[in-house]
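Notes follow the structure.
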Amino acid sequence: MNLATTDDLRLEYRPFSLSLAESLETAHGTIDSRDGFLVRIVDAGGDAADEAVGYGEATPLPGWTESRADCEDALERARSALENGGPEAALDAVDRQVAARHGVTLALADLQARRKATPLYRYLGQGPMIARIPVNATIGDVSADDAAERAREAADRGVPCCKVKVGARSIEEDVERVRRVRDAIGPDVELRADANEAWTYDEAARAVDAFADLDVAVLEQPLPAGALEGHAALRGDGVDIALDEGVLEHGVDAICSADAADAVVLKPMALGGIDVARRIAAWVYELEVTPLVTTTIDAVVARTGAVHLAAAIPDLPPAGVATADRLAEDLGSDPVLFERGSAVVPQAKGLGVEGVWES
């Protein structure tokens, strides 16, 4: 990322709290809201009419990023560092706090793309114009009947991929839920499952055997993050194995050295920014590992950043960016339209997000 070098950059941030539409149960407790910081970097060089603004978002998530307090401390360091040392100093100040770094880098990238009068994805990737990207629908831990109905509705909307959350029930119950979803969507819609570290190796092996018969394309994080050898042993039996939590614990080098994954899940907020996620995507493609882009149930600024990230990665599989409905409220209007199973990529300058600071 080419960083602005003007001496007139200023970083500002303000807190927000957004209620979830439904409580989220995680290994680190129940989450009822997403609490973070809206970030903006203002380039005040020249007269007021020439002032440009880039937006970012730093939304910590327990178990994935630093705490909210540590994120705020990092943003305050970045604010001072930007004024005194410029963009590189600001990034150094947040280097170990991934959510804060995500907010700062996204704001810098948005500012630069606006200055260059180009959409953020083209600033990131220097590639062709992309009108839309495919997305997946996520089906939570609901009954088999509800899972089938939600999957059918998604398929009717043209969604090319459904991901079913598994692991909270018995293997038999989850296999039946996935079977019902497959029946509902037919053979042409990609099917994934996400276990979020829930199983032992024997349970995961049983699930893989059953899922292979149901043409499940990808199983995400069936074992605890530390179990690289176990994930490696699960590969090659008809279902691709993707690591999610394991990416944060081990890094791509260790995962690829252990042959532990067919795919890796890239969450920009947890990785420290869309720039980091894009570099990892390019890296794993060279290693014949598939990148999958998703979010951490973020607000509109970070979600839109993830859409631009996905548009900047060639031939990316369906991305998990259609998550606005997980929030009961948001920071502002969503510039991303969803139609026929795709996200329509904003073609405005930068992110394409407007009006969030004033709302």
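The values are calculated or read from the model by the stated rules, or taken from the named source; none is laboratory data. Values in this document were obtained by computation on a predicted structure and should not be read as measured data. Reconstructed Cβ throughout: ideal geometry from the backbone, glycine too, with neighbour counts over all protein chains shown.
List of remarks:
- Residues in the range 103-116 include none that are surrounded by fewer than 24 Cβ atoms within 10 Å (Cβ to Cβ) and under 23 Å from Glu245 (Cβ atoms).
- The lone exception for Tyr55 - which of (1) over 19 Å from the mean Cα position of the chain (by Cα); (2) of a type in the set (Ser, Thr, Tyr); (3) at pLDDT 95 or above it fails: (1)
- When the criteria are applied in full, Arg152 fails the requirement of being outside any helix (DSSP H, G or I) and in the same structural domain as His250 (by TED's automatic domain parsing).
- From the options Val353, Val301, Val293, Val307, residue that is among the β-branched types (Val, Ile, Thr), farther than 22 Å from Glu190 by Cα, in contact (Cβ under 8 Å) with a residue 12 or more places away in the chain and not in a loop (DSSP other than H, G, I, E, B): Val301
- In summary, Ala261 fulfils each of the numbered conditions (1) buried (at least 22 other Cβ atoms within 10 Å of the Cβ); (2) over 16 Å from the mean Cα position of the chain (by Cα); (3) closer than 16 Å to Tyr123 by Cβ with the single exception of condition (3).
- Annotation: of all residues in the range 310-343 being of a type in the set (S, T, N, Q) and in a loop (DSSP other than H, G, I, E, B), the one that is nearest to Thr296 (Cα to Cα) is Thr323.
- Selection of the range 77-94 for residues being acidic (Asp, Glu) and either free of Cβ contacts under 8 Å to residues at least 24 places away in the same chain or touching a Phe, Trp or Tyr at 6+ places or on another chain (Cβ under 7 Å) (or both) yields only Asp92.
- Any hit, the range 264-272, residues being out of contact with any His (no Cβ under 8 Å at 6 or more places or on another chain), farther than 27 Å from Val159 by Cβ and basic (Lys, Arg): no
- Residue count for the range 133-163, restricted to those that are of a type in the set (S, T, N, Q) and out of contact with any strand residue (DSSP E or B) (no Cβ under 6 Å at 6 or more places or on another chain): 1
- The set of residues from the range 175-225 being within 18 Å of Pro318 (Cα to Cα) and not charged (D, E, K, R) comprises Val181, Ile185, Gly186, Pro187, Val189, Leu191, Ala193, Val216, Ala217, Val218, Leu219, Gln221.
- Tally, over the range 239-278, of residues that are modelled with pLDDT of 95 or more, assigned to a helix (DSSP H, G or I) and either among the charged types (D, E, K, R) or assigned by TED's automatic domain parsing to the domain that holds Leu108 (or both): 2
- Flag for Val135 being crowded, with 20+ Cβ neighbours inside 10 Å, part of a strand (DSSP E or B), out of contact with any helix residue (DSSP H, G or I) (no Cβ under 8 Å at 6 or more places or on another chain) and not hydroxyl-bearing (Ser, Thr, Tyr): yes
- Count of residues meeting criterion [touching a Pro at 6+ places or on another chain (Cβ under 6 Å) and either crowded, with 23+ Cβ neighbours inside 10 Å or of a type in the set (Gly, Ala, Ser) (or both)] in the range 310-352: 4
- Of the residues Ala193, Ala144, Ala151, the single one that is crowded, with 21+ Cβ neighbours inside 10 Å, more than 25 Å from Pro224 (Cβ to Cβ) and among the small types (Gly, Ala, Ser) is Ala151.
Rundown of residues vs (1) touching a Ser or Thr at 6+ places or on another chain (Cβ under 7 Å); (2) within 30 Å of Ala227 (Cβ to Cβ), yes/no style:
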site	(1), (2)
Gly273	yes, yes
Arg278	no, yes
Ala281	no, yes
Val284	no, yes
Val300	no, no
Gly305	no, no
Ile313	no, yes
Pro318	no, yes
Val353	yes, no
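- From Ala261, Ala328, Ala281, residue being of a type outside the set (Lys, Arg) and closer than 24 Å to Lys116 by Cβ: Ala281
- The set of residues in the range 49-76 being aliphatic (A, V, I, L, M), surrounded by fewer than 19 Cβ atoms within 10 Å (Cβ to Cβ) and either closer than 30 Å to Thr118 by Cβ or in contact with a strand residue (DSSP E or B) (Cβ under 6 Å, 6 or more places away or on another chain) (or both) consists of Ala49, Val53.
- Within the range 215-238, the residues that satisfy the criterion of being outside any loop (DSSP other than H, G, I, E, B) and surrounded by 18 or more Cβ atoms within 10 Å (Cβ to Cβ) are Val218, Leu219, Glu220, Leu228, Gly230, His231, Leu234.
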